[in-house]
Amino acid sequence: MLNWIERRTGFVSMTKNFLTEDVPGGASYWYVFGSATLFAMIVQIVTGIFLTFFYAPSAMTAWESTKYIYDHPFQHAVLSIHYWGSSAMIALVFLHLLQVVIWGAYKSPREIQWIVGVLLLLVTMVLGLTGYLLPWDMDAYFASQVAINLTLNVPFIGGWIQQFVQDGTTMGTLTINRFFGLHVWLMPAALVALVAAHLAIFRWNGAAGPPVEDPRPLRKGRFWPDQLFMDTAASFLVLIGIVALSAFWPPFLDAKADPTVQFTPYPAWYFLDLFGLLNLVPGNLEIFGAIIVPGIATALLLLLPWIDRSTTRVLGSRKFILWLLGISLAIIWWLTVWSQLSIMGKQAATPAGGPPAVAAKEQANMTRSGGSNISPPSTTAAVSPAAKAGQAVYSQNCSSCHGAAGAGMPPNFPPLDGNAFVTGDPNQVILTVLNGKTGAIQVNGTNYNGQMPAFKSMLSNKDIANVVTYIRSALGTNHAGAVTPADVAKAKK
C-alpha cells in the first residue's frame with residue numbers, strides 16, 4: 001500500500017525526509033515554540049468550526065445564541081477552550097518571534113521567513129479582535145466600538161475603513177456579520193496561507209540553530225524521534241494549560257449590548273498596551289497613539305533584518321538590537337499594567353448602567369416607545385412632519401452613540417439634548433453632520449473626544465435636513481428652528 005501511494009504522490013519519501021532531517025545543535029526545547037503555535041492554531045480551527053454550529057450572527061440572536069452555548073456544559077467547555085486558545089496562540093507566536101530576535105534567526109537568508117512570521121502575529125491579533133465582538137455583550141460592544149472608531153485616524157482612508165469594518169453608520173447586525181466573516185473565513189484563510197508559506201520557507205532554509213560564531217562544531221540531531229517527542233510534549237502542556245484555564249476561569253458573558261447606557265469596556269490583554277498608549281496622549285493627538293506609534297513599531301519589526309547590520313548572530317555583536325528589545329518589552333509591560341489599573345479604576349468609578357439620571361431618562365424613553373431604541377419626539381415642542389421623519393433617521397444612524405433621548409455617552413459621544421451648539425447656528429450643525437466631528441469637544445463643562453463620521457455620502461439632503469430638524473426641534477428639551485434640504489445643499493457648496 002505504501003509503495004502504491006509513494007509511486008502516485010511521493011508522500012512517503014517526503015515524510016521520511018522530513019522525519020530524518022538534521023536538527024542543528026541537536027533536539028532542544030528551544031525549538032518547540034513553532035510546533036506549539038501550530039498545535040494551538042489547530043485547536044482554534046477545530047473548536048471554532050464546532051461553535052459555528054450554535055452561533056447565530058445578528059444583533060437579535062448573537063447574544064442569545066452565545067447564552068445558549070454558556071447554558072450547556074459541553075458547548076461552554078468548547079467555547080472556553082476556544083477563548084483561552086486564542087490567548088495561548090497569540091502568546092506563543094509572540095514568544096516564537098521573541099526567540100527569533102534573541103537568536104538573530106531573522107538574518108540572511110531568512111528575511112522573508114521573518115516577515116511572514118510578523119504578518120502571522122498581526123493576523124492572529126486581528127482574529128482576536130474580530131472574535132471579541134461576536135458575543136454581543138456590553139464589554140464586546142463597547143471595546144469593539146473603540147477599536148472601530150480608531151480607524152477614523154487613518155489618513156485619507158480612515159472613513160472608508162470604518163464604513164467597511166462597521167458596515168454602516170452604526171454597529172448592528174451588519175457589523176456582526178462583517179466581523180463574523182472576517183473571523184471565520186478571511187482571517188483563518190490568511191492564517192493558513194501564511195503558516196504554509198512559513199513552513200515551506202523554513203523547509204528551504206533549514207533551522208538556524210543556536211547563535212554561535214561557527215555552526216560547524218554543533219552536534220547534529222534528528223527530528224525523529226527526539227525533537228518530535230519534545231514538540232509533542234510541549235503541545236500537550238499547552239493543551240493542559242488551555243483546558244485548566246477553561247475549567248477554572250471560564251470566560252464571562254456580560255449583559256446584552258445596550259448602546260444607551262454608559263459602560264467602561266475591558267479590552268483583551270494583548271491590546272492593553274495600545275489602550276494605555278491611547279490614554280497617555282491628548283484627544284487631539286489620538287492619531288499618534290492609534291496610528292503613528294503602532295505603525296512605526298510594525299515597520300521596524302518588518303525591517304529588522306535590514307536594520308540589524310551586524311555580520312553574525314552572536315549575542316555580543318548585536319547589543320544594540322538586544323537593548324532595544326529589552327527597552328521595548330519594558331515599555332509594553334508598563335503600558336499593559338498601567339492600562340489595566342486605569343481601566344479598573346474607571347470601572348469602579350462608573351455606576352452599573354451609567355449615571356442614574358441618564359439611566360432613568362433612557363429607561364423612561366424606552367418605556368414610552370415600547371422598549372425600542374426610538375425616542376418619541378418632545379411633547380412640549382411643535383413636531384413637524386420633517387421632525388417625525390428625522391426621528392427614524394436618528395434612530396438608525398445616531399441613537400447607538402448619542403442615546404435614544406440624546407443624553408450622550410462619555411467619553412466619545414456628547415449629549416445632543418440641552419446642547420447649545422445643536423440649538424445654535426443651524427449651518428454649523430449641518431456642516432457637522434455632513435463632514436463629521438473628531439477631536440476634543442466640550443459640552444456643558446464636560447470634555448469629549450469626538451468620533452463622529454461624515455454623513456454627506458451616506459444620507460440624502462432630505463434625510464440630513466430631517467434629522468437636523470428633529471434634533472434641534474423635537475429631541476428632548478430642544479426647541480430650535482427647522483432646516484430644509486435647500487439649506488443642506490447650500491452648505492455642501
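The values are calculated or read from the model by the stated rules, or taken from the named source; none is laboratory data. These numbers were taken from a predicted model, which means no experiment stands behind them. Because the Cβ atoms are built from the backbone with ideal geometry, glycine has one as well, and the counts that use them run over all protein chains shown.
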In the stretch 285-302, residue surrounded by the fewest Cβ atoms within 10 Å (Cβ to Cβ) [restricted to those that are closer than 10 Å to residue 154 by Cα and in contact (Cβ under 8 Å) with a residue 60 or more places away in the chain]: 291
Exclusive hit being outside the structural domain of residue 314 (by TED's automatic domain parsing), without any contact (Cβ under 8 Å) to a residue 60 or more places away in the chain and more than 22 Å from residue 255 (Cα to Cα), set 89, 14: 14
Check on residue 110, within 19 Å of the chain's Cα centre (by Cα) and of a type in the set (D, E, K, R): no
Matching residues, the stretch 265-285, being more than 11 Å from residue 339 (Cα to Cα) and hydrophobic (A, V, I, L, M, F, W, C): 268, 281, 285
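For (1) within 15 Å of residue 134 (Cα to Cα); (2) assigned to a loop (DSSP other than H, G, I, E, B); (3) small (Gly, Ala, Ser); (4) at pLDDT 95 or above, each residue gets a yes or a no:
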residue: 23; (1), (2), (3), (4): no, no, no, no
residue: 31; (1), (2), (3), (4): no, no, no, no
residue: 36; (1), (2), (3), (4): no, no, yes, yes
residue: 41; (1), (2), (3), (4): no, no, no, yes
residue: 55; (1), (2), (3), (4): yes, yes, no, yes
residue: 60; (1), (2), (3), (4): yes, yes, no, no
Sole residue being in the same structural domain as residue 289 (by TED's automatic domain parsing) and within 18 Å of the chain's Cα centre (by Cα), chosen from 97, 133: 133
Lone qualifier among 21, 64 - being surrounded by fewer than 17 Cβ atoms within 10 Å (Cβ to Cβ), touching a helix residue (DSSP H, G or I) at 6+ places or on another chain (Cβ under 7 Å) and either closer than 23 Å to residue 223 by Cα or charged (D, E, K, R) (or both): 21
Filtered residue count, the stretch 233-273, keeping only those that are among the aromatic types (Phe, Trp, Tyr) and assigned to a loop (DSSP other than H, G, I, E, B): 4
Check on residue 42, of a type outside the set (D, E, K, R), closer than 22 Å to residue 121 by Cβ and without any contact (Cβ under 8 Å) to a residue 24 or more places away in the chain: yes
Meets criteria (out of contact with any Asp or Glu (no Cβ under 7 Å at 6 or more places or on another chain), assigned to a helix (DSSP H, G or I), hydroxyl-bearing (Ser, Thr, Tyr) and outside the structural domain of residue 463 (by TED's automatic domain parsing)) for residue 151: yes
Conditions (1) outside any helix (DSSP H, G or I); (2) at negative phi: number failed by residue 209: (2)
Some residue of the stretch 224-245 being surrounded by 14 or more Cβ atoms within 10 Å (Cβ to Cβ), of a type in the set (Ser, Thr, Tyr) and modelled with pLDDT under 85: no
Lone qualifier among 140, 77 - being among the hydrophobic types (A, V, I, L, M, F, W, C) and either surrounded by 19 or more Cβ atoms within 10 Å (Cβ to Cβ) or assigned to a loop (DSSP other than H, G, I, E, B) (or both): 140
Residues located in the stretch 145-177, provided they are over 15 Å from residue 58 (Cα atoms), touching a residue at least 24 places away in the same chain (Cβ under 8 Å) and polar (S, T, N, Q): 145, 149, 153, 162, 163, 169
Single residue of the stretch 157-170 satisfying the filter (more than 11 Å from the chain's Cα centre (by Cα) and closer than 24 Å to residue 301 by Cβ) that is surrounded by the fewest Cβ atoms within 10 Å (Cβ to Cβ): 157
Matching residues in the stretch 26-61 - criterion: being surrounded by 14 or more Cβ atoms within 10 Å (Cβ to Cβ), under 30 Å from residue 170 (Cβ atoms) and of a type in the set (A, V, I, L, M, F, W, C): 51, 54, 56, 59
Within the stretch 437-456, considering residues that are at pLDDT below 85 and not in a strand (DSSP E or B), the one surrounded by the most Cβ atoms within 10 Å (Cβ to Cβ): 453
Residue list for the stretch 104-118, restricted to those being buried (at least 18 other Cβ atoms within 10 Å of the Cβ) and out of contact with any Ser or Thr (no Cβ under 9 Å at 6 or more places or on another chain): 105, 106, 110, 113, 114, 115, 116, 117
Filtered residue count, the stretch 393-428, keeping only those that are within 22 Å of residue 172 (Cα to Cα), outside any helix (DSSP H, G or I) and not polar (S, T, N, Q): 14
Any hit, the stretch 19-37, residues being among the β-branched types (Val, Ile, Thr), free of Cβ contacts under 8 Å to residues at least 24 places away in the same chain and either in contact with an Asp or Glu (Cβ under 6 Å, 6 or more places away or on another chain) or assigned by TED's automatic domain parsing to the domain that holds residue 254 (or both): no
Residue identified as small (Gly, Ala, Ser), assigned to a helix (DSSP H, G or I), over 30 Å from residue 168 (Cβ atoms) and modelled with pLDDT of 50 or more among 316, 390: 316
Test: residue in the stretch 411-434 that is polar (S, T, N, Q), over 28 Å from the mean Cα position of the chain (by Cα) and under 23 Å from residue 142 (Cβ atoms): yes
